[in-house]
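These notes concern the structure reproduced below.
Just so it is clear, none of the values below were taken in a lab; they were calculated from the coordinates. Just so it is clear, the structure is predicted and the values come from calculations on it, not from any experiment. All Cβ positions, even for glycine, are placed from backbone atoms using ideal geometry, and neighbour counts span all protein chains on display.
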Amino acid sequence: MYGGMLDSNDAIDMTAKFGYRCEYCEGTVREKRVEHEAFKHKAGFVILKDVVIGVCDKCGNRFYSADTLKQVQAIATGKVPPEYTEQVPVAHAW
């Protein structure tokens, strides 16, 4: 799962998809299916629909599997076409 940097003493058991200790707090990462999850990639934004992610039950940090991140990269870089594209409004903050 992706979530940030780890000390060597804090390694996550990658064989467990969920139920491991959050690397940011003492919470537990639980499976959650979300309707839409937005990802920022250097090549642009990608929104995945109906995706399973990990969410810490204490701090709310989100974790993503390598397969999910590979799919985001493939879509963002044009290797895999998106199902469809939507326009997103952009404005300066007030």
Quick numbers on region 17-76, Rg and Dmax over C-alpha atoms in Å, give 12.1, 34
Assertion target for 23, 83, ordered by fewest C-beta neighbours within 10 angstrom first, is 83, 23
Once normalised by the length of region 17-76, the mean sequence separation of its alpha carbon contacts under 8 Å that are 6 or more apart gives a contact order in percent of 31
Residue-ordered couplings for region 81-94, obtained by feeding phi - 60° into the Karplus form 6.51 cos²θ - 1.76 cosθ + 1.60 and rounding to whole Hz (Gly and Pro as x), are x, x, 5, 7, 10, 10, 7, 10, x, 10, 8, 6, 5, 7
Place a point 7 Å from the Cα of residue 18 in the direction of its beta carbon; the residues of region 57-90 whose amide N falls under 17 Å from it are 57-69
